[in-house]
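First comes the structure, then the notes that go with it.
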Amino acid sequence: MSFPLRTGGRLGLAGFTLIEFLFAVSITAITGLGVAGMFPAALRSVVTGGQTTKATVLAQGMADMIRADTFSNVSSYNSLTTTTTCSGTDTICTNKTKWKNDMLAAEAQTTGQGLPAGYGTVAVVCVNADGTTNATSPCPTDLRRVTVTVTWDRQGSRSVSLVTYVARNE
């Protein structure tokens with residue numbers, strides 16, 4: 001009985017060797033782990049982007065409420081903050097309460113509403129004709145700069161500020 005000599009070939013057999021299979025599986029596993037490792041970072045980015053969008057919408061909403069109010073009330077919004085309570089029935093108190101409730105909607109993390117530990121502030125300053133600000137009261141010009149800031153807690157304090165100008169048109 002004679003045995004053919006093997007010269008390094010596989011004698012026409014199809015398939016993979018065990019070493020080739022293990023190498024392919026290890027490359028696939030390493031690649032899969034790398035891709036899976038990107039998901040938590042991507043989720044954090046999506047959540048942060050969503051909260052930034054919410055904060056911008058909340059700031060825009062308050063700026064719209066201020067612009068919709070009469071010019072004589074605009075200066076009364078100065079130093080407004082949602083961290084204090086308001087018991088009046090005037091427009092300013094109503095707007096503040098609505099803004100605060102929108103910001104602190106229940107279960108912000110689970111429902112997607114509101115902002116975690118969110119609060120808002122408003123600053124109103126008098127603007128002179130040359131563009132400089134004026135701290136005198138009453139303001140001698142018919143232009144106010146309104147800065148609406150929304151701050152929240154997302155892995156550190158984050159905030160969005162919106163600046164708008166309100167002119168007397170009455």
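Among the residues here, Ala29 does not qualify as modelled with pLDDT of 90 or more, closer than 30 Å to Asp142 by Cβ and surrounded by 10 or more Cβ atoms within 10 Å (Cβ to Cβ). The set of residues from the stretch 43-91 being over 24 Å from Cys126 (Cβ atoms), touching a Phe, Trp or Tyr at 6+ places or on another chain (Cβ under 7 Å) and among the polar types (S, T, N, Q) comprises Gln51, Thr83.
Is there a residue being in a helix (DSSP H, G or I) and in contact (Cβ under 8 Å) with a residue 12 or more places away in the chain anywhere in the stretch 15-27? No; the residues of the stretch 15-27 include none that is in a helix (DSSP H, G or I) and in contact (Cβ under 8 Å) with a residue 12 or more places away in the chain.
The set of residues from the stretch 119-137 being at pLDDT 90 or above and among the polar types (S, T, N, Q) comprises just one member, Thr121. You will find that of Pro116, Pro140, the residue that is modelled with pLDDT under 85 and surrounded by 11 or more Cβ atoms within 10 Å (Cβ to Cβ) is Pro116 and no other. Here Asp102 clears all of (1) out of contact with any Leu (no Cβ under 7 Å at 6 or more places or on another chain); (2) among the acidic types (Asp, Glu); (3) touching a residue at least 12 places away in the same chain (Cβ under 8 Å) except the condition numbered (1).
Of the candidates Thr89, Thr83, the single residue that is surrounded by fewer than 10 Cβ atoms within 10 Å (Cβ to Cβ) and touching a strand residue (DSSP E or B) at 6+ places or on another chain (Cβ under 7 Å) is Thr83.
The values are calculated or read from the model by the stated rules, or taken from the named source; none is laboratory data. Predicted, not measured: the structure shown is a model, and the values here were computed from it. Every residue, glycine among them, receives a Cβ derived from its backbone with ideal geometry; neighbour counts consider all protein chains shown.
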